[in-house]
Amino acid sequence: MMTFLTQRNAACCAPDRPARRSVLATFAAIVTHYRSRRALARLDARLLEDIGLTESEASFEVRRRIWDAPDHWRAGR
């Protein structure tokens with residue numbers, strides 16, 4: 001349970017905005033997403049089943065725009 005002082009201290013120390021990535025880090029992340037999707041496109045039905053995806057789910061992910069990354073991919077920001 002947070003006390004008033006703990007809440008106040010947490011609020012004053014929290015950043016007003018999320019940390020910004022450098023252009024190079026953003027580009028590296030985009031390249032990583034692109035390579036991951038290309039690798040996913042090469043998997044056959046048996047391998048997709050092993051990782052818990054259907055062919056339609058994999059196809060949907062492969063067709064996403066290069067800059068469109070799921071939130072769980074961006075967790076390392």
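The values are calculated or read from the model by the stated rules, or taken from the named source; none is laboratory data. Since the model is a prediction, treat every value here as computed from it, not as a measurement.
Points worth noting:
- Residues that are within 13 Å of the chain's Cα centre (by Cα) and either on the phi > 0 side of the Ramachandran plot or not hydroxyl-bearing (Ser, Thr, Tyr) (or both), drawn from the range 29-49: Ala29, Ile30, Val31, His33, Arg37
- Among the residues of the range 3-60, those that are charged (D, E, K, R) and at pLDDT 90 or above comprise Arg35, Arg37, Arg38, Arg42, Asp44, Arg46, Glu49, Asp50, Glu55, Glu57.
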